[in-house]
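Taking it in order: structure first as structure tokens, then the write-up.
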């Protein structure tokens, strides 16, 4: 069995997960792992990354809307969790909340470490962001967003460790 | 459903308010780009009081400001890199603008070296991944040189330089021929992070067994068990002795002690004894039980 066939779709891996049971609530995420280096992605890993990243966005949207940092625990860790938790604490203190209307994510895998311990992704997200102060809408944005993401594996899932809006020059 | 409709209508009303900004609405002029951890000011236009918001990846600030004056943003309010939204609301009008807070120069490095133990003289067996951060642990997205310095237990140290891409640099190395600790340091100039892995003997090489008479049978003893580079295999490594004689086949697994493995087996008539360690097969002996 060749390495190429073993890692199905290494050269062209486009996974679109139709998450049947929770399709109504989870954002749609497609993962493209073309030319991923320095190691290819296994099909199961790609599936897990896709599912966990989708769950992470779902959790983040709920957490930012309800100002509940505890909703981040199952999908976020490290700096991403720290930053989002602080953001939510600030929102709660100032009476703000954020509503994210998620229209899907086109994710490209950029880096997969040789030991399988980290994966860097670039996410072209179609999301609409609305910010409310109390009941007043103070900000609305429907432009495309690009995020640089670092995910690391845990015992039974991949966690979002860093989630950063990519600067304009990255576009 | 009802809640969703409420949000929808609130959103429509809010967007209506946003769309109805008057010509003299407050305006914001942040710098196009700010370095993380650096104070700056955002100029505002208009008159009267307004509410200023600054929303970033790790913060959500709200304060009352005087329109037409500068809004000072302290250094510790923008330590997280990413896209920030500055919003100002006066009366029923809100206006907003975005700017980037970019990471500062490389100041910290996180380094992962894998695995913790490797056999000697094996190519491409050590993986190192370095993540480059600024002083606030923001990934440094512009290329930065990472010098991977390798110091084996014997022999001259050497280095491999890689340029980080979007904050990540990596290296793949082979192990050296001598067992012992291997120190690899990721150095970005302003910070360095050392890691040590253990190089251990590889598979046994030239495994040989000899036989001598014992009290209850024949004693089978290996020569000192070493790999092909001459490194002794660690004590505890299992060596298997297999004997085939008139009574059938017997296998005994015994750990290496003080560099050698030995066992004593009863032998009936002529016997053939082989020795193996891991995937390596040693020599074969023919012995007679009456000798």
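The values are calculated or read from the model by the stated rules, or taken from the named source; none is laboratory data. Because the structure is a prediction, the values reported are computed rather than measured. When we count neighbours, we look across all protein chains shown, and the Cβ atoms used for this are built from the backbone with ideal geometry, even at glycine.
Which residue out of B:58, B:46 is in contact with a helix residue (DSSP H, G or I) (Cβ under 8 Å, 6 or more places away or on another chain) and either modelled with pLDDT of 90 or more or farther than 26 Å from residue A:81 by Cβ (or both)? Don't jump to the end; show me each part of the working.
On the way: B:46 fails: in contact with a helix residue (DSSP H, G or I) (Cβ under 8 Å, 6 or more places away or on another chain).
The unique qualifying residue is B:58.
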Exercise for the section: Among residues belonging to region A:112-122 that are at the interface with chain B (Cβ under 8 Å from one of its Cβ atoms) and part of a loop (DSSP other than H, G, I, E, B), point out the one that is surrounded by the most Cβ atoms within 10 Å (Cβ to Cβ). Expected result: A:118
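Here are some residues: B:91, B:98, B:107, B:75. Which one is out of contact with any strand residue (DSSP E or B) (no Cβ under 6 Å at 6 or more places or on another chain) and at pLDDT below 95? Even if it seems obvious, please write down each step before you answer.
On the way: B:98 fails: out of contact with any strand residue (DSSP E or B) (no Cβ under 6 Å at 6 or more places or on another chain); B:107 fails: at pLDDT below 95; B:75 fails: at pLDDT below 95.
Unique residue meeting the criteria: B:91.
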Exercise for the section: Exactly one condition in (1) more than 12 Å from chain B (Cβ to nearest Cβ); (2) in a strand (DSSP E or B) is not met by residue A:101; state its number. Expected result: (1)
Fill in the blank from the handout: Over region B:78-100, the set of residues within 9 Å of another protein chain (Cβ to nearest Cβ) and within 30 Å of residue B:147 (Cβ to Cβ) is B:80, B:81, B:82, B:100
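For residue B:275, indicate whether it is buried (at least 17 other Cβ atoms within 10 Å of the Cβ), under 37 Å from the mean Cα position of the chain (by Cα) and closer than 15 Å to residue B:224 by Cα.
Working: buried (at least 17 other Cβ atoms within 10 Å of the Cβ): yes; under 37 Å from the mean Cα position of the chain (by Cα): no; closer than 15 Å to residue B:224 by Cα: yes.
For residue B:275, the condition - buried (at least 17 other Cβ atoms within 10 Å of the Cβ), under 37 Å from the mean Cα position of the chain (by Cα) and closer than 15 Å to residue B:224 by Cα - is not met.
Taking the condition farther than 18 Å from residue B:110 by Cα, in contact with a strand residue (DSSP E or B) (Cβ under 9 Å, 6 or more places away or on another chain) and within 12 Å of chain B (Cβ to nearest Cβ), does residue A:165 pass? Spell out the reasoning first.
On the way: farther than 18 Å from residue B:110 by Cα: yes; in contact with a strand residue (DSSP E or B) (Cβ under 9 Å, 6 or more places away or on another chain): yes; within 12 Å of chain B (Cβ to nearest Cβ): yes.
Answer is yes for this residue.
Which residue out of B:128, B:104 is in a strand (DSSP E or B) and in contact (Cβ under 8 Å) with a residue 12 or more places away in the chain? Don't jump to the end; show me each part of the working.
Details: B:104 fails: in a strand (DSSP E or B).
The unique qualifying residue is B:128.
Name the one entry in B:244, B:267 that is assigned to a loop (DSSP other than H, G, I, E, B) and either in contact (Cβ under 8 Å) with a residue 24 or more places away in the chain or out of contact with any strand residue (DSSP E or B) (no Cβ under 9 Å at 6 or more places or on another chain) (or both).
Details: B:244 fails: assigned to a loop (DSSP other than H, G, I, E, B).
Of B:244, B:267, the one residue that is assigned to a loop (DSSP other than H, G, I, E, B) and either in contact (Cβ under 8 Å) with a residue 24 or more places away in the chain or out of contact with any strand residue (DSSP E or B) (no Cβ under 9 Å at 6 or more places or on another chain) (or both) is B:267.
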Fill in the blank from the handout: Of (1) within 10 Å of another protein chain (Cβ to nearest Cβ); (2) free of Cβ contacts under 8 Å to residues at least 60 places away in the same chain; (3) buried (at least 21 other Cβ atoms within 10 Å of the Cβ), residue B:73 fails just (1)
Practice task
Of all residues in region B:177-212, count the ones that are touching a strand residue (DSSP E or B) at 6+ places or on another chain (Cβ under 7 Å) and closer than 30 Å to residue B:272 by Cβ.
Solution key: 11
Problem - When residues of region A:68-98 are limited to those that are more than 10 Å from chain B (Cβ to nearest Cβ) and assigned to a loop (DSSP other than H, G, I, E, B), the one farthest from residue B:55 (Cα to Cα) - result: A:74
Exercise for the section: Among the candidates B:115, B:119, single out the residue that is surrounded by fewer than 18 Cβ atoms within 10 Å (Cβ to Cβ) and within 12 Å of chain A (Cβ to nearest Cβ). Expected result: B:115
Exercise for the section: Go through B:207, B:281 for me and flag whichever is under 41 Å from the mean Cα position of the chain (by Cα) and in a loop (DSSP other than H, G, I, E, B). Expected result: B:207
Problem - In region A:130-144, residue modelled with the highest pLDDT [restricted to those that are more than 7 Å from chain B (Cβ to nearest Cβ) and surrounded by fewer than 19 Cβ atoms within 10 Å (Cβ to Cβ)] - result: A:134
Practice task
Inspect region B:152-160 for any residue being farther than 12 Å from residue B:120 by Cβ, within 14 Å of chain A (Cβ to nearest Cβ) and in contact (Cβ under 8 Å) with a residue 12 or more places away in the chain and give the result as yes or no.
Solution key: yes
Problem - Top-ranked residue in region B:47-56 [being surrounded by fewer than 22 Cβ atoms within 10 Å (Cβ to Cβ) and farther than 11 Å from residue A:94 by Cβ; ranked as farthest from the other protein chains (Cβ to nearest Cβ)] - result: B:47
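From the list A:155, A:125, A:109, which residue is on the phi < 0 side of the Ramachandran plot, out of contact with any helix residue (DSSP H, G or I) (no Cβ under 9 Å at 6 or more places or on another chain) and either part of a strand (DSSP E or B) or more than 9 Å from chain B (Cβ to nearest Cβ) (or both)? Spell out the reasoning first.
Details: A:125 fails: out of contact with any helix residue (DSSP H, G or I) (no Cβ under 9 Å at 6 or more places or on another chain); A:109 fails: out of contact with any helix residue (DSSP H, G or I) (no Cβ under 9 Å at 6 or more places or on another chain).
Selected residue: A:155, the only one of A:155, A:125, A:109 that is on the phi < 0 side of the Ramachandran plot, out of contact with any helix residue (DSSP H, G or I) (no Cβ under 9 Å at 6 or more places or on another chain) and either part of a strand (DSSP E or B) or more than 9 Å from chain B (Cβ to nearest Cβ) (or both).
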